[in-house]
Every structure is written in structure tokens, then in C-alpha cells.
């Protein structure tokens, strides 16, 4: 398994530093959470990892491959997938079709093979369909597979968003506030799915989440951002005792 390294990453918009000299080591096979107050730079960091932003300075590497200036498509091919805080689904399409579309990078046949639906095309399509059906079963979406995404409850749509990223077959899964806007029961379901993704599928999880109770319960390691800088890192119990983290979250007299 491969580690994801973030070294001295700085992201600047004009005169504003969204990230400043951020260093992180995402260990393979673990759940690593990135927390911090609103505007701390958490989503900006995920955008840099997934290729939506390119750092102004610093380096991001995945094993021996550089992601610093990679495109989102290239990052996906390397085995890193992203679930967004704001739903990025096709609301007029079914759950099944949304997940099938996510397998586009696995379509290895040519235009002419697709036109005549050759033997290879049929095999590839069957393999992709089987993979999608496995994800639907894993994420317990079977009752909704033929429903249009826009007709589903918000909590189910968030689950479909995670399933869409999972359908890419990632080694690293970036989750940007997957529990935002959910009720307690929906959060408990999502926590269970995140743990199962890590343990049963062997996926490295990078989680951005505001619910500190959830973060402390399921994380193997935590990094804390404030105003774009790392102010604390370590195991949950270490982070909970860090004076800088306490100050950033609850202030001081």
C-alpha cells in the first residue's frame, strides 16, 4: 500500500494564503481526519490533493508519483477518489446510472469496438456492471438503484455520493464532510460505512468532518488546521489535549 505525502504545501489566492507550509503524512490503510474551524483550509487541501487546485509552493506525492500539478483525471487513474461536500451527482439520472458513469476510466475498448459491441466491449461492460452492483450492495442502496437521485432523501443522496467515489475503485478515498446535514441515525449509518470501507475494502480514508465526536471515535490519526496552518497532529487523545487545538475551537479567557 502507498502513502500520501504533503510537503510544505502553500496555496495562495492573490494576497490570501489558504494554506501555509502544510506538512502531512497520510499512512496507508488508516482513517486520517483533517479538522479545523470554518475557513481553516480543509477543503482547499482536498482540492490540492485531487487536482482541482495546484499548490503555489510545495509538493504532493503518492508513492513515487507527483500529484503537485496533476489533473483530476490523472489523480483518479492513480487510485485517489473524492466525495464532495456539495453533491456532485446527476440528479435526473438513476442511482445505478450515476455509479456506472463513474466507471468511465475503466472503459478500455475503442470507439469501433463499442459501435459493434464486440466481445471485448461486452466483457468490459459486464465487469463494470458487476463492480457497480457490488458497491450498491456494500452501501445498501439496493432499494434505490432505479430511483432518480433527485427524488431521494438528502441522507441517501450523500450515501450515493460516497458510493460514486467508491465505484472508482480507489486506494485512497477523500471524504469532504460526508455527514454534513444528516440526522443522528443517518450519521450512524455513514460512520458504519466509513469504517467498513477502511476495514473490509482496505481503503485509506482521508476524512474532513466537523463532528468532533465522530472524528475522535473513528480516526487513527488527526491533523488540525487553523487559518491554513497545521497547529496540531497525532492520535485522537493527543490532539484532544493540545492547547493550540483547544484554543482554536473554544478560545481562551
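Below are the figures for this structure:
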read-out	value
Inter-centroid distance (Cα atoms) of the range 16-30 relative to the range 121-188, Å	27
C-alpha long axis of helix 184-201 to longest principal axis of the chain, angle in °	70
Fluctuation leader among 184, 156, 31 - the chain, Gaussian network, Cα springs under 10 angstrom	184
Helix 154-166 axis, angle to the chain major axis (alpha carbon atoms, nearest 10°)	80
DSSP bridge pairs, the chain: antiparallel proportion in percent, nearest 5	55
Crossing angle, helix 119-138 versus the chain [Cα axis fit, 0-90 degrees, rounded to tens]	50
Max mean-square fluctuation residue, GNM over the chain, Cα-Cα springs under 10 Å, options 83, 21, 165	21
Computed [θ] at 222 nm, helices only, for the chain once each DSSP H run of length n ≥ 4 contributes -39500 (n - 2.57)	-11000 deg cm²/dmol
For 65, 82, order by how many other beta-carbon atoms lie within 10 Å, fewest first	65, 82
Calculated diffusion of the chain, Stokes-Einstein form, Kirkwood radius summed over Cα pairs, 25 °C and 0.890 mPa s, µm²/s	128
The chain: most fluctuating residue of 212, 96, 16 per GNM, C-alpha cutoff 10 Å	16
Relative contact order of the chain, defined on C-alpha pairs under 8 angstrom at six or more residues apart (%)	27
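Quick note: the coordinates plus some simple rules give every number you see, no bench work behind them. What you see is a predicted model, and the numbers here were worked out from it, not measured in a lab. As a convention, Cβ positions derive from the backbone with ideal geometry for all residues, glycine included, and neighbour counts pool all protein chains shown.
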